[in-house]
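Chemist: Take a look at this one; I'll ask things after.
Coordinate-derived values only; no laboratory data. Fair warning: this is a prediction, and the values are worked out from it, not measured in the lab. FYI the Cβ positions are ideal-geometry reconstructions off the backbone, even for glycines, and counts take in every protein chain you see.
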Amino acid sequence: MNTPKNNKPLTEKQVDLSKNIENGQDQFLTTNQGVKINDNQNSLKAGARGPSLLEDFILREKITHFDHERIPERVVHARGEGAHGYFQVYESMEKYTKAAFLQDSEIKTPVFVRFSTVAGSRGSTDLARDVRGFAVKFYTEEGIYDLVGNNMPVFFIQDAIKFPDLVHAVKPEPHHEMPQAASAHDTFWDFISLMPESMHMIMWVMSDRAIPRSLRMMEGFGVHTFRFINAAGESHFVKFHWKPLLGVHSVCWDEAQKISGKDPDFHRRDLWEAIDSGNFPEWELGIQIVSEEEEHSFEFDLLDPTKLIPEELVPVQRIGKLVLNRNPNNFFAETEQVAFHPGHIVPGIDFTNDPLLQGRLFSYTDTQLSRLGSPNFHEIPINRSLAPVHNNQRDGHMRQTINQGKISYEPNTLGGGCPFQSKMSQGGFNSYNERIEAHKVRERSPSFFDHFSQATLFFNSQSEHEQNHIVDALSFELGKVETEAIRKRMLKMLWYVDKGLAAKIAYNLGLSIPSNLDSPLNHSYPADADVDSYQPMIVKSTLEKSEALSMVSTLKNSILTRKVAILAAEGVDEKALKIMKDALLAQGAVVEVIAPKLGYIISENNKEIKVDKSFLTSASVLYDAVYVPGGANSVVSLEAEADAIHFLNEAFKHCKAIAADASALQVLRGTYFGSKIPENPHQTSQVLEGVLINETSEALADDFIEAISQHRFWQREKKNKVPA
Ligand code: HDD
């Protein structure tokens with residue numbers, strides 16, 4: 001793998017918000033007009049018990065500003081969190097693109113990244129089953145480039161004209177504004193059951209990809225096919241990928257729902273804490289390149305955003321690294337006011353005619369006008385280009401720039417013709433000279449008519465537990481649907497994806513598969529036609545499986561930033577605890593001691609051990625693994641502590657690594673899985689899948705670390721179900 005030539009910290013080009021930073025340090029309190037305030041506790045009154053006076057400009061200014069503190073939340077992707085960092089290319093991409101930030105491995109291009117869920121409001125839970133937005137703003141020397149992607153490589157719809165319908169359907173139902181941040185309701189599935197083109201995306205959203213363990217452990221995708229343009233003006237098609245260096249990991253649905261209650265900010269907190277502690281999240285930028293000549297050589301259309309290019313057909317080349325190394329100073333100023341737009345591109349990158357992308361090119365500026373309130377949103381510090389901005393645009397709400405002189409038009413002679421247009425050789429943007437000869441029509445290309453082959457490919461590429469989770473997710477979601485006709489229509493759609501899948505869901509819903517499904521005709525789905533007689537065009541993907549679509553073969557070689565709980569009480573074996581804690585910390589894990597109450601516990605050998613969380617303020621779902629050290633009194637206390645037993649039961653249910661000293665075995669015996677542990681497990685280490693016991697923590701540590709790096713032991717899920 002190539003590595004950047006230089007790892008100098010970003011200095012001179014760091015996104016410069018410093019001029020706008022205000023922290024009030026060593027300053028007097030003032031009004032917005034700069035007048036010093038001598039009493040911020042009392043309003044001006046006619047007598048101490050009298051009415052407040054209208055003349056109190058300090059009160060009025062403060063309340064007026066407060067009344068207007070909120071701006072409209074994003075219509076989609078309202079819930080999000082951001083971070084600063086940089087991108088550095090490994091080697092010049094000049095063969096494919098002339099984009100300056102992809103030429104020089106010495107250059108660190110500043111970025112701001114915002115992750116988001118799609119459906120929920122700004123205050124909704126992070127762990128909703130949903131797509132995650134992955135939007136990257138590159139502050140390049142040639143201007144702003146935004147790669148506004150998701151953590152799934154395809155989308156629900158093929159044409160932007162369906163986007164408002166999709167969003168209306170998934171948002172809380174308008175009559176009672178329920179459910180929040182959830183697709184498990186009638187209007188969403190009503191719409192989906194009428195949109196066969198969504199079936200590939202549905203497979204992704206019903207998979208565990210929709211409930212990531214961490215934003216740092218998910219992939220990102222540009223989704224659309226874009227173009228790279230090189231200095232000779234040649235075009236290549238390109239698909240963008242972000243590959244996380246910590247691997248791709250998810251939680252399970254039961255866990256996600258519980259996290260939503262225990263810590264709705266789980267992903268936001270995780271991102272913040274990782275950056276704060278110096279564990280900077282990293283991704284590699286991957287590209288799939290397709291030449292102009294190969295455009296029509298696939299079984300699908302490159303312009304169809306419901307299709308991906310399997311990595312077996314076009315390998316992903318990793319061309320650079322994204323590092324997030326700085327938390328924002330102010331959520332509103334940066335994360336809330338940042339304005340992304342797929343139309344913010346730089347020379348060397350261009351669009352294709354993907355009809356979803358084309359619609360997006362209109363939508364994003366339009367939405368900023370109502371969300372940020374002015375065509376001057378590009379002047380908000382977080383949105384400012386580092387490349388200088390010179391044009392004849394003037395005025396508008398909240399204009400920040402003070403343009404000098406009388407010339408605000410072009411051509412002009414009075415201003416010496418400035419600012420000038422730049423030729424291509426001077427860095428001027430030139431759209432790709434694509435030849436188009438067509439009739440003006442409202443039509444879907446027949447090359448977009450296959451809606452099932454890649455849905456099937458995705459399902460077939462999943463491991464057994466991943467398939468089980470898709471069955472569970474669909475059974476959950478459709479189980480929440482109240483209209484039986486919608487459930488039945490969905491069974492029909494799922495039947496075309498995979499008959500076994502549909503049969504399992506039909507069983508869980510207490511329904512049977514609709515009849516007459518097996519004789520498909522060759523035509524597209526007519527959205528306005530009779531739904532019941534719909535017969536899709538069935539195309540079989542020549543590729544039966546694609547390894548990259550499953551999370552099973554992802555990186556499992558590190559426990560960096562994994563959270564491990566140590567359950568302890570008074571009388572704990574301090575040596576054992578310390579040995580395990582040190583071993584985990586040495587591998588970069590985050591370790592917390594959890595005890596019946598906060599403060600300190602006194603160990604067997606009379607040492608004070610700081611308690612990080614009590615059973616009341618923590619929960620098993622917030623950790624990746626759990627360890628129980630010995631110590632006679634601690635073991636007796638934990639055995640009698642229902643919350644400790646529940647903690648272990650849940651960790652077991654969610655297939656996490658569990659380790660215990662042999663002298664703490666009786667705590668594990670008190671759990672639902674305790675009876676499955678062999679009679680005399682001493683010296684054996686792994687006693688059940690992912691459950692480790694050994695005489696000393698020293699003997700346990702390596703195996704435990706290896707087990708945590710495996711992420712989860714899904715194989716025990718169906719076999720050893722526990723009622724936690
Ligand atoms: Fe979009 C926000 C990603 C289709 C209209 N979109 C938004 C964000 C992301 C995406 C990550 C949040 C950016 C941020 O953090 O501020 N959107 C996508 C992807 C799509 C997609 C990957 C399909 C491939 N979007 C899409 C369509 C339309 C929109 C088809 C409209 C025709 N999207 C918007 C929007 C938003 C937005 C309404 C809401 C807030 C904003 O733009 O700034 O304009």
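Chemist: Once you put a point 7 Å from the Cα of Lys499 and another 7 Å from the Cα of Gln180, both along the Cβ direction, what distance in nm separates them?
Modeler: Here the modelled spin labels are 4.5 nm apart.
Chemist: Beta carbons within 10 angstrom, averaged per residue: use that to sort the peptides 24-34, 210-220, 391-401, 235-245, highest first.
Modeler: 210-220, 235-245, 391-401, 24-34
Chemist: How do 492-499, 411-418 rank on mean C-beta neighbours within 10 Å, highest first?
Modeler: 492-499, 411-418
Chemist: Of all DSSP beta bridges located in the chain, what percent are antiparallel, nearest 5?
Modeler: Looking only at bridges with both residues in the chain, the antiparallel portion is about 80 percent.
Chemist: Using only C-alpha atoms and all pairs of different ones, pull out the Kirkwood radius for the stretch 115-266 in Å with one decimal.
Modeler: Mean inverse Cα-Cα distance, inverted, gives 16.9 Å.
Chemist: Right, here's the next one. Report the local net charge at Val248: Lys and Arg +1, Asp and Glu -1, summed over other residues whose C-beta lies under 14 Å from its C-beta.
Modeler: 0
Chemist: I would also like to ask the following. Roughly what would the spin-label model give for Ser385 and Lys423, points 7 Å off Cα along C-beta, in nm?
Modeler: Going from the Ser385 label point to the Lys423 one covers 2.1 nm.
Chemist: Roughly speaking, what is the stretch gain from Asn392 to Asp265, that is 0.36 nm per residue apart minus the C-alpha to C-alpha distance, in nm to one decimal?
Modeler: Working: separation 127, 0.36 × 127 = 45.72 nm, distance 4.36 nm.
Fully extending the segment from Asn392 to Asp265 adds 41.4 nm.
Chemist: Could you calculate the FRET efficiency of Glu292 with Glu706 from 1/(1 + (r/R0)^6), where r is the beta carbon distance between them and R0 is 35 Å, rounded to 0.05? Write down the numbers at each step before the final one.
Modeler: Working: r = 48 Å, r/R0 = 1.37.
Once rounded, the FRET efficiency stands at 0.15.
Chemist: From Cα pairs below 8 angstrom and at least 6 apart in sequence, can you work out the relative contact order of the chain, rounded to a whole percent?
Modeler: Reported as a whole number, the value is 11 percent.
Chemist: Still on this model: Can you compute the FRET efficiency between Lys545 and Glu55 using 1/(1 + (r/R0)^6), with r the Cβ-Cβ distance and R0 = 60 Å? Round to the nearest 0.05.
Modeler: The pair Lys545/Glu55 has a calculated efficiency of 0.20.
Chemist: What is the gain in length, in nm to one decimal, between Arg435 and Glu141 on full extension, counting 0.36 nm per residue of separation less the C-alpha to C-alpha distance?
Modeler: Here the answer is 102.8 nm.
Chemist: So for the pair Asn329, Ser374, with labels modelled 7 Å out along Cα→Cβ, what separation do we get in nm?
Modeler: Those two pseudo-labels are separated by 2.0 nm.
Chemist: Relative contact order for the stretch 298-418: what percent, with Cα pairs under 8 Å and sequence separation of 6 or more?
Modeler: RCO, the stretch 298-418: 20 percent.
Chemist: Calculated FRET efficiency, Tyr600 and Asn680, Cβ-Cβ r, R0 41 Å, to nearest 0.05?
Modeler: 0.70
Chemist: Neighbour counts of other C-beta atoms within 10 Å: give me Tyr627, Tyr507, Tyr145 arranged from fewest to most.
Modeler: Tyr507, Tyr145, Tyr627
Chemist: Now for a different question. By per-residue mean of other Cβ atoms within 10 Å, what is the highest-first order of 648-660, 609-621, 696-708?
Modeler: Answer by packing, highest mean first, reads 648-660, 696-708, 609-621.
Chemist: What does the C-alpha gyration tensor say about the overall shape of the stretch 617-681? Classify as rounded when a/c is under 1.5, otherwise prolate if a/b is larger than b/c, or oblate.
Modeler: Taking the square roots of the gyration eigenvalues as a ≥ b ≥ c, the stretch 617-681 is oblate.
Chemist: Could I ask something else about it? Rg and Dmax in Å for the chain, alpha carbons only: what are they?
Modeler: Using the Cα atoms of the chain, the pair Rg, Dmax is 28.6, 94 Å.
Chemist: Net charge near Asp450, counting Lys/Arg +1 and Asp/Glu -1 over other residues with Cβ under 15 Å of its Cβ?
Modeler: That sum, taken over residues with Cβ under 15 Å, equals -1.
Chemist: If you add up the charges near His200, with Lys and Arg at +1 and Asp and Glu at -1, over every other residue whose beta carbon is less than 12 angstrom from its beta carbon, what do you get?
Modeler: Cβ neighbours under 12 Å give a net charge of -2.
Chemist: Multiplying the sequence separation of Ala485 and Ala586 by 0.36 nm and subtracting their Cα-Cα distance, what value in nm do you get?
Modeler: Working: separation 101, 0.36 × 101 = 36.36 nm, distance 5.61 nm.
Going from the current span to full extension adds 30.8 nm.
Chemist: With the Cα gyration tensor of the stretch 536-656 in hand, convert its eigenvalues to equivalent ellipsoid semi-axes via √(5λ) and list them largest first in whole Å.
Modeler: Listed largest to smallest, the semi-axes of the stretch 536-656 are 39, 17, 11 Å.
Chemist: Follow-up. Could you check what % of the DSSP bridge pairs in the stretch 522-648 are antiparallel, to the nearest 5?
Modeler: Bridges in the stretch 522-648 are about 25 percent antiparallel.
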